[in-house]
Amino acid sequence: MESDKQEPTSDNTRASLEQRLVKLRPRLLAFARLQLADPVQAEDMVQEALVGALESLSGFKGQAKFETWVFGILRHKLVDTIRRRGRDVVAEYDANELADIDDLFNPRAHWAVGAQPEVWRQPENSCERDHFWEAFDLCVFHLPRSSAQVFAMRELMGLETREICDSLAISEQNCWVILHRTRLKLRACLETGWFSKEEVS
Amino acid sequence: MTLACKRATELMSLRIDRPLTALESASLRMHLLMCGYCRRCDSQLEMLHRITARRREDGEPQETDPPET
């Protein structure tokens, strides 16, 4: 991916933005397929989001936030569909596809050696940099599927736990347990993959 | 009253999704006073929650942007 920062204005041309849209498609599709049971519906929704983005490209200004903006278009469509049709459309929840955090704690339930949180070298605003959300999504998609789904509904789509458990037909208690484990796994993954690195590209 | 780290992390995560009860909140606070790793974990989880919320805001439709000059 090309740099988001300090790009010459020529790179902000329609052609280059269209190129970036094409490159973004697989990540959008992975995101939609995580949420929707029907892969065809996921494809259609991504297609609609891409067309929607193309249509409003000329009005697009915030270059550095391009990907976030396109993701936002897809997110609105997903949230809307899930709110309207809930369990009829969401990918089925599977209790066997959840993150396990046994490796993070010792038998006394304290941090296991090697799993203790480290000091993060990269500051919070390093998430504004080019590859951060790619690294982030990679960590999310490495999680067991149902964990990734619940996490994405909560933190990437901004649904409340009440809405999530309704659409997945699980208890809110269960939802909290899943989010707890998933956040810890993701924290560890991002620590290794981004925040404790000396330099990030 | 002492919490193990694992339970403390449960409360840290829960706090993002619903308000803690007074007892939960006090137990967590007490644990954080004593445990540096959990303090680190807590601030990192909060930060991850914050940046994902910001990502959603940044992805809001363009109409909210100031008009082009």
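Tell me which of these B:Cys35 doesn't satisfy, since it passes every other one: (1) farther than 30 Å from A:Glu134 by Cα; (2) modelled with pLDDT under 95.
So B:Cys35 meets the others, but not (2).
Can you find even one residue in region A:62-75 that is assigned by TED's automatic domain parsing to the domain that holds A:Lys23 and not in a helix (DSSP H, G or I)?
Within region A:62-75, one or more residues are assigned by TED's automatic domain parsing to the domain that holds A:Lys23 and not in a helix (DSSP H, G or I).
Provide a single number: the residues in region A:152-169 that are buried (at least 18 other Cβ atoms within 10 Å of the Cβ) and either part of a loop (DSSP other than H, G, I, E, B) or facing another protein chain (nearest Cβ under 9 Å) (or both).
Result for region A:152-169: 6.
Evaluate region A:122-142: report whether one residue or more is in contact (Cβ under 8 Å) with a residue 60 or more places away in the chain, more than 22 Å from A:Arg25 (Cα to Cα), outside the structural domain of A:Ala32 (by TED's automatic domain parsing) and touching a Leu at 6+ places or on another chain (Cβ under 7 Å).
The answer is no, given that none of the residues of region A:122-142 is in contact (Cβ under 8 Å) with a residue 60 or more places away in the chain, more than 22 Å from A:Arg25 (Cα to Cα), outside the structural domain of A:Ala32 (by TED's automatic domain parsing) and touching a Leu at 6+ places or on another chain (Cβ under 7 Å).
Which is crowded, with 17+ Cβ neighbours inside 10 Å, in a helix (DSSP H, G or I), touching a Lys or Arg at 6+ places or on another chain (Cβ under 8 Å) and more than 9 Å from every other protein chain (Cβ to nearest Cβ), of B:Leu28, B:Leu48?
On inspection, the qualifying residue turns out to be B:Leu28.
Given the conditions (1) at pLDDT below 90; (2) at the interface with chain B (Cβ under 9 Å from one of its Cβ atoms), which single one is not true for A:Asp94?
In the conditions (1) at pLDDT below 90; (2) at the interface with chain B (Cβ under 9 Å from one of its Cβ atoms), A:Asp94 misses (2) alone.
Would you mind finding the one in A:Ile101, A:Ile82 that is buried (at least 16 other Cβ atoms within 10 Å of the Cβ), touching a residue at least 24 places away in the same chain (Cβ under 8 Å) and more than 30 Å from B:Arg40 (Cα to Cα)?
A:Ile82
Of A:Thr192, A:Thr182, which residue is out of contact with any helix residue (DSSP H, G or I) (no Cβ under 8 Å at 6 or more places or on another chain), farther than 18 Å from B:Pro19 by Cβ and part of a helix (DSSP H, G or I)?
A:Thr192
Return the pairs, sorted by first residue and then second, in which the second residue is of a type in the set (Asp, Glu) and modelled with pLDDT under 95, the first residue lies in region B:7-34 and is closer than 17 Å to A:Glu160 by Cβ, the beta carbons are less than 6 Å apart, and the residues are 6+ apart or on different chains.
Filtered contacts from region B:7-34: no entries.
The values are calculated or read from the model by the stated rules, or taken from the named source; none is laboratory data. These numbers come from a predicted model, not from an experiment. Here the Cβ is made from the backbone with ideal geometry for all residues, glycine too, and neighbour counts use every protein chain on show.
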